[in-house]
Structure formats: structure tokens, C-alpha cells
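The values are calculated or read from the model by the stated rules, or taken from the named source; none is laboratory data. Bear in mind the structure is a predicted one, so any value in this text is a computation, not a measurement. Because the Cβ atoms are built from the backbone with ideal geometry, glycine has one as well, and the counts that use them run over all protein chains shown.
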Amino acid sequence: MQYFSQGIGLAIWTLLLLAGFIGTGLAFRFSSKREWTGQALVPVVIMALALLFLAVTFDFPGEQAGPALIPRLWIFSIVSMCLVVHFFTVRGRTDKDPKAGRIGFVLLGIVCMVAYYFAIQILGYFLSSVIFLAIMMYMFSCRKPLLIVFVSTGWVAFSYLVFYKLLYIQLQLGFFENYL
């Protein structure tokens, strides 16, 4: 399995996942479920990315509770949830694709996620997560300041206690490195 974690193996794995994505899109596009094409492709894209990241974890050190454990747990959860969503989409039990919306909103979300990635390196996981969650909640029409504060700080407190203190998983600390 380590073959698929780097180099040619990772490229082959990526091409196989891309072929699965294209195959799903074509299967929905030319079937009676045409109105659900977008609803079917979203979980397939997320699963493909999760499986791509799973392949990368095969190159991590092979300890029982090592650095690959948490990403693999997240990947398992993500793939499981996406399979459920995809099952309901195939059965036609989800909403049909909406009309085209504002693509700028999607691009703004992508820019926020890329900025969050770089902010983790500079500000650390904890501070950048509070900022990112607050901005994303506001973008998704949550206008209650107390709710934004409690959810974002609650997530960071949970992350600190569970991942940093309980599981001893090293998170990027940024300039807080000397204080924690």
C-alpha cells in the first residue's frame, strides 16, 4: 500500500479516483437521474480527496497510535458520511440540483480555506481556527455574535483538550509555542 503514497503510485491512484469521478458524472448525466448530477458529484469529490489523503498516510510511520491514526479516523468518517449521502442521491431522496448561484461565494470560501492553511503556519492552529470558524460562520449567515464566539472557542478548547493534551498530537502553535 505504501506504493500509492508517493511518486508514480500516487499519480496512478489520483488518475483512478479522477476516472471514478468522471464515470459518476457521466453515469448521472446520461441517466434518468440527470437532475441530481451535482448532488451526486459533491460526495464523490469529497470521497476522492479523502481517499487521496488516505494514500498519503501510508507513508507515515507505522505505529499503533501514530501520526496516521487521526487522519485515518477522519477519512473513515468522511467516506462513510459521503457514501450515505451518495446512496440517498442515487435513490432520488435528496433535492434536485439548484439553479446556478453565485460562484463568487464559492471562490471566497476557497480563498478563506487557503488563507486558513497559511495562517496555521504563522498564527498557529488555535488562533487561526478561531478566526477561520468565526469568518465562515458569518459567511454562512450566522449573525449571532455570542453563538459565533461560543462555537469557535468551544471547538478550539475541545481540540486543545482532546488532541493536544489527551492524545499528545502536536498541533502547529505559531507564536504561542513558548506559552503552551
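Of note:
- Within the option set 65, 119, 134, 48, being in contact with a helix residue (DSSP H, G or I) (Cβ under 6 Å, 6 or more places away or on another chain) and within 30 Å of residue 2 (Cα to Cα) holds for one residue only, 48.
- Single residue of 154, 104 found to be within 25 Å of residue 44 (Cα to Cα) and either modelled with pLDDT under 95 or in a helix (DSSP H, G or I) (or both): 104
- When residue 100 is tested against (1) loosely packed, with under 14 Cβ neighbours inside 10 Å; (2) of a type outside the set (Asp, Glu); (3) touching a Phe, Trp or Tyr at 6+ places or on another chain (Cβ under 9 Å), exactly one condition is not met: (3).
- Residues satisfying the stated conditions in the stretch 82-97, i.e. of a type in the set (A, V, I, L, M) and in contact with a helix residue (DSSP H, G or I) (Cβ under 8 Å, 6 or more places away or on another chain): 83, 85, 90
- Hey, residue 171 assigned to a helix (DSSP H, G or I) and hydrophobic (A, V, I, L, M, F, W, C) or not: no
- Filtered residue count, the stretch 158-180, keeping only those that are loosely packed, with under 10 Cβ neighbours inside 10 Å and over 18 Å from residue 67 (Cβ atoms): 3
- Residues considered: 58, 30. Of these, the only one that is surrounded by 14 or more Cβ atoms within 10 Å (Cβ to Cβ) and over 21 Å from residue 166 (Cα atoms) is 58.
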